[in-house]
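Below you'll find the structure, written out as structure tokens, and then a few comments.
Quick note: the coordinates plus some simple rules give every number you see, no bench work behind them. All figures in this text were calculated on a predicted structure; none of them were measured in a lab.
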Amino acid sequence: MKTDSILYRLFKTFPGVFFELLGQSPVEAEAYEFLSVEVKQTNFRIDGAFLPK
């Protein structure tokens, strides 16, 4: 699966940035894994999702 979104690369490299944007502690990112997720439906893909580890 190919991901080319600049936001995907940013959040994959620096996951704490997402939580800072939400006004949360970047340390909270340690409890999540950032992945590209494909939903079974004529190839509907979410280029980035924070999922609990």
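Taking each residue as 0.36 nm, the span from GLU20 to SER5 lengthens on full extension beyond its C-alpha to C-alpha distance by 3.4 nm. Every helix of 4 or more DSSP H residues in the chain counts as -39500 (n - 2.57), and over all residues that averages to -6500 deg cm²/dmol at 222 nm.
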